[in-house]
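Scroll down for the structure; my scribbles are underneath it.
The values are calculated or read from the model by the stated rules, or taken from the named source; none is laboratory data. From a predicted model like this one, the values you see are computed outputs, not experimental measurements. So basically every Cβ, Gly included, is an ideal-geometry build from the backbone, and we count neighbours across all protein chains shown.
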């Protein structure tokens, strides 16, 4: 998987985060500020940076970058939906929040390993 998929997905997350931010501003109800922040930072900024990294390092295994993408997208969706629900007081929010958090954390660890190994002297990931 190349970085373009990360770049395109990141702007989808950014649009979602901005729309949520606009809704909060229009209603003057900012309870979802943590959800807005996480969608923009993890889904938007982090995925955009990952896309730039993968485009700059085409030697990175497409299987590893594909796993990173899958973990990030599934984790981010679960995390955002679960956090939204939890902040609204919905009992159903906790399970996707926990699962999404764990997947997102695993995705970060995987990306750290990919960056560390992929930028090493012999860079064979």
Would you be able to say whether some residue in segment 91-108 is loosely packed, with under 13 Cβ neighbours inside 10 Å, under 20 Å from the mean Cα position of the chain (by Cα), modelled with pLDDT of 95 or more and within 23 Å of residue 14 (Cα to Cα)?
-> no
Subset of segment 41-62, residues buried (at least 19 other Cβ atoms within 10 Å of the Cβ) and either within 14 Å of the chain's Cα centre (by Cα) or not in a helix (DSSP H, G or I) (or both), comes to 42, 43, 44, 46, 47, 48, 50, 51, 60
Verdict on residue 79 being surrounded by fewer than 21 Cβ atoms within 10 Å (Cβ to Cβ) and in a helix (DSSP H, G or I) | no
Among (1) over 19 Å from residue 14 (Cα atoms); (2) surrounded by fewer than 20 Cβ atoms within 10 Å (Cβ to Cβ); (3) at pLDDT 95 or above; (4) in contact with a helix residue (DSSP H, G or I) (Cβ under 7 Å, 6 or more places away or on another chain), where does residue 125 come up short?
-> (3)
Scope segment 4-29; condition over 15 Å from residue 80 (Cα atoms) and over 14 Å from the mean Cα position of the chain (by Cα); matching residues = 4, 22, 23, 24, 25, 26, 27, 28, 29
